[in-house]
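Each remark here refers to the structure printed beneath this line.
The values are calculated or read from the model by the stated rules, or taken from the named source; none is laboratory data. Quick caveat: nothing in here was measured; it's all calculated off a predicted structure. Methodologically, a virtual Cβ is constructed for each residue, glycine included, from the backbone with ideal geometry; neighbour enumeration extends over all protein chains shown.
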Amino acid sequence: MKNNLKDTITESMVVTGICLAAFYWICESFMYFFLEPEANIFQIFLGPDLFQIWTRVLVLCIFAIFGSHVQYTYNKRREADSELRESSEKYRTILESIEEGYFETDLNGNLTFTNDPFCKILGYPRNQLLGMNTREYTTPDTAEKISRIMGQVKQTRRPEDVPDYDVIRKNGRKAVLELSISLLTEKNGKPAGFRGMLRDATRRKETEEQKRLLETQLQQAQKMESIGTLAGGIAHDFNNILMGIQGNATLMQLKIESEHPNYEKIKNIEKFVLNGTELTKQLLGFARRGKYLVKITDLNDVIEKSSSLFARTKKEIQVHTDLHGEIWAAEVDSGQIEQALLNLYVNAWQAMPEGGDLYLKTRNILLDGSYVKPFKVEPGKYVEISVSDTGVGMDRETRKRIFEPFFTTKEMGRGTGLGLASVYGIIKSHGGYIDVTSEKEKGTTFTIYLPASEKKVVREKAVPTEMLRGSGTILLIDDEKMILDVGCELLEELGYTVLSALSGREALDIFQKNSDKIDLIIMDMIMPGMGGGETFDRLRNINPNIKVLLSSGYSVNGQASKILRRGCDGFIQKPFNLNQLAEKIGKIMGKR
Ligand SMILES: Nc1ncnc2c1ncn2[C@@H]1O[C@H](COP(=O)(O)OP(=O)(O)OP(=O)(O)O)[C@@H](O)[C@H]1O
Ligand SMILES: [Mg+2]
């Protein structure tokens with residue numbers, strides 16, 4: 001109001017000046033009228049003489065000029081004031097709308113100005129912050145660092161970045177921030193204080209942390225990959241050797257009576273071969289190379305089968321099952337899943353030396369993207385299997401390393417450290433993942449997630465166990481002479497006539513000549529030159545109805561499943577014994 005009146009007066013200074021001059025003119029005219037009543041109208045209004053007229057015009061001009069000068073100067077000042085107000089308003093809006101906290105301090109570090117984000121970051125109201133020293137809201141380390149940096153900035157006059165600026169919020173919580181600090185100067189260049197810009201460094205830290213984690217994960221994956229390749233290679237060669245030992249032992253056993261003093265020794269050899277086979281199975285599982293026979297499976301069946309076998313042998317463990325009645329089907333190699341579960345049961349048993357409880361539970365679960373992301377699997381429907389024990393549990397350090405191959409806390413000779421590495425490999429190769437929760441003395445829970453399938457479960461009939469003999473001609477293909485010799489003899493023992501080939505090419509020649517005679521082909525999968533896959537296709541080209549049994553100790557990237565999908569009739573894992581071989585052949589030849 002007061003300002004408005006002032007503005008109106010100053011804006012009309014020219015008019016006011018002219019009015020005052022006119023008032024003076026009129027007063028002069030009146031005075032002259034009273035002093036000289038005889039004067040005429042022109043003399044009264046303009047003045048009696050030229051000098052009087054000039055004086056009046058001069059006064060008029062002086063008032064008008066003075067008025068317009070006052071008005072002009074005032075307008076200029078007002079414009080400058082409003083520009084200043086506008087620019088400081090803009091500056092304020094910018095400072096308040098940025099995410100960063102802005103502050104100014106005096107040379108001792110006492111706050112003289114803050115923006116809203118700064119108050120928000122620290123959690124104090126502005127009036128409490130103003131006057132506060134930087135030491136009061138920073139950690140002792142940061143306070144010391146910052147006073148050093150302030151001295152440096154004052155000296156060099158160059159801004160500095162402080163990447164780890166740790167503050168303590170009003171609620172007592174610590175926050176990690178980034179600070180850029182620079183010098184504030186007076187007009188004459190004398191240092192007046194400091195200005196700083198604060199940024200929340202949590203996100204940067206998280207990104208850095210994520211990057212670091214990804215790098216270690218990658219390194220770990222590469223390490224696992226190369227150990228996996230090595231393990232797979234060893235398993236392959238080892239299985240062939242075991243096959244030779246197993247075959248020879250079986251042949252010897254067939255030739256001697258059970259009373260023979262060496263009969264038990266041969267049985268022992270077979271037992272050792274079995275132990276060896278267990279080891280190569282673990283290696284193959286870990287190398288993710290053991291997945292052969294993928295079928296639509298009811299995982300409850302696999303759990304029931306494996307757990308009842310386990311419960312029978314480990315009486316000191318109480319097994320409790322809680323299996324979902326309508327569990328979704330899953331496409332798995334049930335032999336492999338069984339092996340993974342058995343590894344978990346054995347670990348649980350070893351963790352409960354005085355006995356205890358083992359809880360097995362299944363349920364259907366829908367996992368969304370955010371949940372499965374860290375495990376690098378697809379979101380969707382999963383079957384969850386949890387295996388919990390009431391054993392000794394694990395501390396954090398052990399828990400972090402349990403899936404590493406050869407990591408064991410067991411004494412020498414008791415554990416190879418391959419059990420969980422194998423479980424991990426098996427579950428991964430099925431497109432699932434495994435998680436663990438455990439605390440020292442509080443038991444352990446392993447939770448497996450396997451992708452569910454929309455397809456219906458196909459149940460196979462149980463097979464009787466007595467050995468099946470047969471007749472007919474079999475073509476045996478293997479690049480290892482030792483396997484070929486043992487294989488031929490085993491098959492002959494079963495009553496078959498055998499033709500043998502050391503390579504895919506040789507097999508094709510033999511088959512071409514004898515295709516009407518041969519009833520079944522048993523074929524190795526990994527062979528130099530023409531591999532199992534190509535040999536299979538070419539054999540089928542010659543006779544599309546020929547029955548083929550695939551045999552291997554190893555699989556490269558699901559090669560076995562690929563050949564099986566192309567119509568191969570069966571698969572047998574090396575090393576196998578006479579019973580297993582007889583059974584497979586019988587099944588394919590349609591005897592069972
Ligand atoms: N259920 C469990 N409770 C407590 N610790 C466990 C459990 N399962 C595994 N662990 C820990 O994880 C380690 C690695 O297990 P993993 O099965 O891979 O090897 P292992 O059992 O030591 O040897 P292997 O299985 O080859 O005989 C174990 O040595 C043990 O310390
Ligand atoms: Mg184990």
Regarding Asn300, is this residue buried (at least 17 other Cβ atoms within 10 Å of the Cβ), within 14 Å of ligand 1 (Cβ to nearest atom) and part of a helix (DSSP H, G or I)?
no
Using the structure shown, decide if Thr8 is within 13 Å of Leu60 (Cα to Cα) and among the hydroxyl-bearing types (Ser, Thr, Tyr).
no
Listed by first then second residue, the pairs whose first member lies in segment 571-592 and is within 19 Å of Met482 (Cα to Cα), whose partner is among the acidic types (Asp, Glu) and part of a strand (DSSP E or B), with beta carbons under 9 Å and at least 6 positions apart or on separate chains, are Lys574/Asp524
One residue from Thr73, Thr105 being hydroxyl-bearing (Ser, Thr, Tyr) and either not in a strand (DSSP E or B) or not assigned by TED's automatic domain parsing to the domain that holds Ser180 (or both):
Thr73
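Any residue at all in segment 214-229 that's at pLDDT below 90, assigned to a helix (DSSP H, G or I), buried (at least 19 other Cβ atoms within 10 Å of the Cβ) and not assigned by TED's automatic domain parsing to the domain that holds Glu489?
Within segment 214-229, the first condition is being at pLDDT below 90, and the residues that meet it are 214-229.
Checking the rest, the ones that are also assigned to a helix (DSSP H, G or I) come to 214-229.
Filter once more, so that each one left must be buried (at least 19 other Cβ atoms within 10 Å of the Cβ): 224, 228.
This time we only want the ones that are not assigned by TED's automatic domain parsing to the domain that holds Glu489, so: 224, 228.
Checking segment 214-229: at least one residue is at pLDDT below 90, assigned to a helix (DSSP H, G or I), buried (at least 19 other Cβ atoms within 10 Å of the Cβ) and not assigned by TED's automatic domain parsing to the domain that holds Glu489.
Taking the condition of being assigned to a loop (DSSP other than H, G, I, E, B), small (Gly, Ala, Ser) and near ligand 1 (Cβ under 10 Å from one of its atoms), how many residues in segment 414-431 meet it?
Of all residues in segment 414-431, those assigned to a loop (DSSP other than H, G, I, E, B) come to 414-418, 430-431.
From the residues that got through so far, the ones that are small (Gly, Ala, Ser) too are 415, 417, 431.
Pick out the ones that are also near ligand 1 (Cβ under 10 Å from one of its atoms) and you get 415, 417.
Total meeting the criteria: 2.
Would you check which residues across segment 108-161 are part of a helix (DSSP H, G or I), of a type in the set (D, E, K, R) and in contact with a Ser or Thr (Cβ under 7 Å, 6 or more places away or on another chain) and list them? Reasoning before the result, please.
Quick first cut of segment 108-161, residues part of a helix (DSSP H, G or I) only: 116-122, 126-129, 134-137, 140-156.
Filter again for of a type in the set (D, E, K, R), leaving 116, 120, 126, 135-136, 141, 144-145, 148, 154.
The one that is part of a helix (DSSP H, G or I), of a type in the set (D, E, K, R) and in contact with a Ser or Thr (Cβ under 7 Å, 6 or more places away or on another chain): Arg126.
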Qualifying residue in segment 380-389 (condition: in contact with a helix residue (DSSP H, G or I) (Cβ under 9 Å, 6 or more places away or on another chain), touching a residue at least 24 places away in the same chain (Cβ under 8 Å), in a loop (DSSP other than H, G, I, E, B) and outside the structural domain of Ala221 (by TED's automatic domain parsing))
no
Determine the pairs where a residue that is of a type in the set (D, E, K, R), located within segment 73-100, has a partner that is part of a loop (DSSP other than H, G, I, E, B) with Cβ atoms under 8 Å apart, the partner being 6 or more residues away or on another chain.
Glu96/Asn115
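Which ones in segment 432-452 are away from ligand 1 (no atom under 12 Å from the Cβ) and not in a loop (DSSP other than H, G, I, E, B)?
Scanning segment 432-452 gives Tyr433, Asp435, Thr447, Ile448, Tyr449, Leu450, Pro451, Ala452.
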Conditions (1) within 12 Å of ligand 1 (Cβ to nearest atom); (2) touching a residue at least 12 places away in the same chain (Cβ under 8 Å); (3) assigned to a loop (DSSP other than H, G, I, E, B): number failed by Trp349
(3)
